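Student: Below are the structure tokens for one structure; questions will follow.
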Amino acid sequence: MKNLINKLSKVYELSDVVYQRPNFTYATTTKENTISLITQLRDLEGFSHFVLLSCVDWIEDNLFQLTYILNNPTQKYDIAIRCMIDRNEAAMTSAHYLWEQIATYQRELKEMYGIEFPGSPRLNENFILEGWDNIPPMRRDFDTKKYSEETFFPRERPSSNDPATYMKSRLHPDEWDGKIAE
Amino acid sequence: MSEEKNIIQPAEQASKFVNPLYAKREVTGPDGIKFIVDPLRDYFSDQRPQIYEPNSIPVIEKFLNWARAESLWVLGFGTGCGSIEIAPLLTPRFDAFRYGVMPRPTPRQSNVFIISGYLSIKTLKRVVRSYEQMPNPKYVLALGSCTINGGMYYDSYNTINRLDHYIPVDAYVAGCMPRPEALLAGFNKLKELIKDGKAENANEYAKNFDWYKANQKKIIKDWNMPDYNW
Amino acid sequence: MDFDFEKIGFTLLGLFIVLNWGLLMGAAMRKLGARVGRRYGIPWFQPWINLFKNYAIRSTLSHGIMFYLGPVFRLSGGIGLFLFMPMIIGSQLWLNYSFQGDLVLIMYFQFFGMLGMALGAGESGHPYSAIGISRGLSQFTTIELPLTLAIISIAVQYNTLSIIDIVQAQQGGFMNWTVFTNPVATVAAMLSLLGVLSHSPFNLVNAPNENPIGPPTEYHGSFLGVLQTNRAILHVVEAALFMNLFFGGATNWFEFFMKTFLIYFWSVFVGVVFPRYRIEQSVSWFLKVPLVLGVLAVILYM
Amino acid sequence: MSLFHIESDRSKYPQPGDDGKLVVDLDSHKYVKLWQGPNHPGVTGNMAIELTLAGDEIVQAKTHVGYLHRGFEKLIERRLFLQGMQTSIRMCVAEPDTNEYVYCQCVEELSGIEIPEMAKWIRTLVLEMSRLQSFLRVVPGQGGTTGLGIGVQWGMYMRELILDRFEELTGGRIYHMYFTPGGVRGLLPQGFKKRMEENLKEIDDFIIRIDDLMYSNAVFKKRTVDVAVINPSWVDKYGIVGPVARSAGFNRDVRKDYPYLIYDQLDFEPKVMNHSDIYNRSRIRWYELQQSVDLIRQIMARMPENGDFKAPTPNVLHWEIPKGEAYVRAESSRGEYGLYMVTDGSTKPRRVNLRGPSYTQAVCLLEDMLVGANIADVHSIMVSLQTCPPEIER
């Protein structure tokens, strides 16, 4: 399958190619090339099964990583196409016409990360959340514990649950600073 | 960690992401009066429930309570993962029908609401609605540790922590997941409570309606109900 | 017309017996179904507790005047059937108010409760009630066809419209029963009994997976108690009708209990092992086999 | 018999507009808007379908999910790799062991741990048992959707037997947490194989009975044959996997195509059918039920008696996994079940994303399949696709 990657990297700027398993490859491409790349993979290279569209929040670099995993059922081979988009003005070309389920994935990403996919059907309808008025919850800067404590009347807890400090207090009492942090 | 440098204050940014469907808008009524509609406000569940006093003759009330205890009709609403243990409860190994427990598909005909596990905000809205539709002597059996203190979802942004702040709870069945035997024990406990006349939580809900409603409104922001076309 | 207080007393006593027998039979059938599914099943006194519980519900909620009257119509349909149905033949006391031509009245009362229920359920405003009742009415119409044809066949056979005369014509040994003298009509009627008692495969009216409970979706508390009371009476009376018409009637209460139990058992026996038909499938099924048999039964005795 | 064949009058139904989309005018009083769920016995789990009806026929359907959203993927970003175990398995309650496997396998692949041979055998055994208990629920459940409650009762009784064995092996009925990154938590108890064999004998008997009860039943056939047919061209278009794809003629089974654990040493052949209606989709699960029983027998006969069952792992409290990403898939009873994990070199995962079969089958496929179906068939269609809402919204 290295042939395929070599062939593709002549046309599309593939970088960070990782051969994870004999039948699984990761590659990064630019935002502009992504949709045309997966279209070519689907139509010409036999990657007919769309597995997953996922997003990773790299808040340190101010980037979102979108991962499209495609599967070739006849040759039993997977390829994962990564592309980095800007986190502040998150938007990506919609690919809903390629596979039916991509529209659902894009609805979820819009709701959970706030990524815009212009033209994707039913994008602004509620998918999972209802009446959400905060920043999208899956972003790294959304603190779910703080939100939960402020909103949901937490029951008082008797003591800490953090195993690390607890074990430290038991096993290395000399190094322990006397507090059980949460 | 490098994350902390980049954290943007949520309050500054949140308005950017709010769904445009939730924005307040001005609507002209059929009689020409303009008014502002807030889609996140509750226009529906404002009617107060009534308090129904128990029968004043103790012997009759005791008999009726016995009948209520021995015929528990459960609302068939699986709200969380605990509902996977409802099916074994009604099948050969555990067979709760022996104790007068029977599933009922409509809230109007059921007396017991089993909250089977965690409640997301979206489900809580339906739970409150179904609970208010049930007729007066009504009981709530809360299943799993998620309903007691949030359980393993204690820090989740979408599941409630304490059920008894939103609807009154008669009995808790702890565990994750509680076994069907534990659920049967919960039913027995509930029967004891009913026979002693202590399960009057429907009236408690009516008495403390404002407190419960305020708690519900704190987290359920979108009260819009699905509409039918007649 | 002289007023016979003794008869009223016995009719009320009969109603009481029929109600309790219906509740007991309902419990027995549910236990039987449970045993097939390897369960122990409900206690035998569960229906009485359910009835007390439902009458003890404190809050009621109405959707309008027809919502109140629906269960009342349904109950009067059931009691009306009972009033004109002779229970025990050979004793003047248990004949109720049966008279010449009561067969026609009974055919009318079978539909009466259903129509009242339709009005009440329609006013309750729940979409599933409306769906359930429209299914129920269309299915019941097709059930009535073979049943009516079978009854016409019997009426022609015995040359009377009085149930008492039909029963008396069947006395003197079981070979005189209609089931042996007119088997075609019996088969047609027994097939439509499956639909009348609405067990699967013809229980689409209140199919839990589709329209959760059908017409009584919004009924609760004492409304539901009235419906349950009616259900218990109606099932016994329907079984008694079939007993009188096809299985030689009953000359004592023991025979009555045995025969109604077995007739009711027939529909449970079929229902346990069959899934349910969709509405158009059940309608077309009734228009095929039982209807053809019914027409045949009429032609044979013309 | 055209006299008795009832053909519905479709002339008043909505016709597609110029752009091929249905135009439904709700104010014309020809259509009824009906919500099925979330409080409805006729939906699987806690989800809702918004139906628009013309008569008994559905002209529009919309799936509404989110009633079970726990923010699981957010929570797992706050957990250590070991703590993530107990969060991840609760993702789909119907079959938690597949979740355990994909999570452990992701962690092991990213940190480069090779699990011992014995652990592989035991994991395969547990995965097959979990598939078996899931099939014992869903095969009779298909009959239950059409009103055949007896099969459900029998099936749940048989499932209890398997849950007993789970309890003996792992200590838990539903949630087991028997897998752990690096292997499993223990060996099989004494006499486990003998008791398992006794239970499998009962299940063999049940398989024959359910065949008599359901698949030879005239009414069941009438309700399911040629209902809700899936066109083979939809399989790639909608991303259909598992038994549903196999019933449409696609021989796709993760256990064969991408062998994991010791599935390449076992002797089995996925069953493929060529016409995907409700009957065949249910039938193929019945075959896989038999296959699962057979596989459990094979595993128990061939697995080593003793051996090392856990590879050494770093201190779980300070377990840092280097930056990387992995996608691991396994065959659950519903089909391909995958977990995508991204690590960033810290003690917690950066991102975990689950890909369940229901994600596509219960949203876009169901919405399109329901158009033209009868409302009586909605539950049958949902069960035949084995929709499981918790894995859609997580």
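The values are calculated or read from the model by the stated rules, or taken from the named source; none is laboratory data. This one's a predicted model, so the numbers in the text were calculated from it and none came from an experiment. Cβ atoms come from the backbone with ideal geometry, glycine included; neighbour counts cover every protein chain shown.
Student: Suppose the filter is closer than 29 Å to residue A:108 by Cβ, of a type outside the set (Asp, Glu) and modelled with pLDDT under 75; does residue B:39 pass it?
Tutor: yes
Student: Having 1 or more residues that are of a type in the set (Val, Ile, Thr) and within 30 Å of residue D:159 (Cβ to Cβ) is the bar; report the helices (runs of 4 or more DSSP H) wholly within the stretch B:123-230 that clear it.
Tutor: Working: elements: B:146-149, B:180-195, B:201-207, B:209-219.
Filter on the stretch B:123-230 gives B:146-149.
Student: OK, next. Report, by residue number, each residue of the stretch B:81-97 that is under 25 Å from residue C:216 (Cβ atoms) and facing another protein chain (nearest Cβ under 7 Å). Outline the logic, then answer.
Tutor: Going residue by residue through the stretch B:81-97, those that are under 25 Å from residue C:216 (Cβ atoms) are B:83, B:86-87, B:89-90, B:96-97.
Across the stretch B:81-97, the qualifying residues are B:87, B:97.
Student: Still on this structure, please answer the following. Within the stretch B:144-173, take every residue that is more than 13 Å from chain A (Cβ to nearest Cβ) and closer than 14 Å to residue B:85 by Cβ and give me the one that is surrounded by the most Cβ atoms within 10 Å (Cβ to Cβ).
Tutor: B:173
Student: Please work out which residue is nearest to residue D:104 (Cα to Cα), limiting yourself to the stretch D:70-93 and to residues that are part of a helix (DSSP H, G or I) and either charged (D, E, K, R) or touching an Asp or Glu at 6+ places or on another chain (Cβ under 6 Å) (or both).
Tutor: The residue in question is D:89.
Student: Residue by residue through the stretch B:113-170, note down the ones that are over 18 Å from residue D:39 (Cβ atoms) and out of contact with any helix residue (DSSP H, G or I) (no Cβ under 9 Å at 6 or more places or on another chain).
Tutor: B:149, B:151 - these are the residues of the stretch B:113-170 that are over 18 Å from residue D:39 (Cβ atoms) and out of contact with any helix residue (DSSP H, G or I) (no Cβ under 9 Å at 6 or more places or on another chain).
Student: Got a sec? Which of A:39, A:30, A:104 is in contact with an Asp or Glu (Cβ under 6 Å, 6 or more places away or on another chain), within 25 Å of residue A:121 (Cα to Cα) and of a type outside the set (Phe, Trp, Tyr)?
Tutor: Exactly one of A:39, A:30, A:104 is in contact with an Asp or Glu (Cβ under 6 Å, 6 or more places away or on another chain), within 25 Å of residue A:121 (Cα to Cα) and of a type outside the set (Phe, Trp, Tyr), namely A:30.
Student: Moving to a separate point now. Hey, among the residues in the stretch A:45-77 that are at positive phi and more than 9 Å from chain D (Cβ to nearest Cβ), which one's surrounded by the most Cβ atoms within 10 Å (Cβ to Cβ)?
Tutor: My answer is A:46.
Student: Out of (1) within 21 Å of residue A:93 (Cβ to Cβ); (2) within 11 Å of chain D (Cβ to nearest Cβ); (3) under 19 Å from the mean Cα position of the chain (by Cα); (4) buried (at least 22 other Cβ atoms within 10 Å of the Cβ), the odd one out for residue A:81 is which?
Tutor: Answer for residue A:81: the failing condition is (2).
Student: Just one of the numbered conditions (1) within 14 Å of chain D (Cβ to nearest Cβ); (2) closer than 23 Å to residue C:263 by Cβ is not true of residue C:27; which one?
Tutor: Condition (1) is where residue C:27 drops out.
Student: Filter the stretch D:199-251 for residues that are over 30 Å from residue D:149 (Cα atoms) and either among the hydrophobic types (A, V, I, L, M, F, W, C) or in contact (Cβ under 8 Å) with a residue 60 or more places away in the chain (or both); which is surrounded by the most Cβ atoms within 10 Å (Cβ to Cβ)?
Tutor: Filtering first and then ranking leaves D:239.
Student: Of the residues that sit in the stretch D:161-194 and are in contact with a helix residue (DSSP H, G or I) (Cβ under 7 Å, 6 or more places away or on another chain), of a type in the set (Lys, Arg) and outside any loop (DSSP other than H, G, I, E, B), which one is surrounded by the most Cβ atoms within 10 Å (Cβ to Cβ)?
Tutor: Selected residue: D:165.
Student: Among the residues of the stretch D:51-97 satisfying the criterion of being closer than 18 Å to residue D:379 by Cα and of a type in the set (Asp, Glu), which is surrounded by the most Cβ atoms within 10 Å (Cβ to Cβ)?
Tutor: D:56
Student: Also, quick follow-up: Considering only the stretch B:189-205, I want to know if a residue exists there that is touching a residue at least 24 places away in the same chain (Cβ under 8 Å) and at the interface with another protein chain (Cβ under 10 Å from one of its Cβ atoms).
Tutor: yes
Student: Right, next: Restricting attention to the stretch C:250-272, and to residues there that are without any contact (Cβ under 8 Å) to a residue 40 or more places away in the chain and not acidic (Asp, Glu), which single residue is surrounded by the most Cβ atoms within 10 Å (Cβ to Cβ)? Break it down stepwise before answering.
Tutor: Our first condition is that a residue be without any contact (Cβ under 8 Å) to a residue 40 or more places away in the chain; within the stretch C:250-272, this holds for C:254-255, C:258-259, C:262, C:269.
If we keep only those that are not acidic (Asp, Glu) as well, we get C:254, C:258-259, C:262, C:269.
Working: C:254: 9, C:258: 12, C:259: 20, C:262: 13, C:269: 14.
Ranking the qualifying residues of the stretch C:250-272, first place goes to C:259.
Student: Out of the residues in the stretch B:46-80 meeting the condition of being in contact with a Ser or Thr (Cβ under 7 Å, 6 or more places away or on another chain) and not in a loop (DSSP other than H, G, I, E, B), tell me which one is farthest from the other protein chains (Cβ to nearest Cβ).
Tutor: Looking at the filtered set, the residue picked out is B:74.
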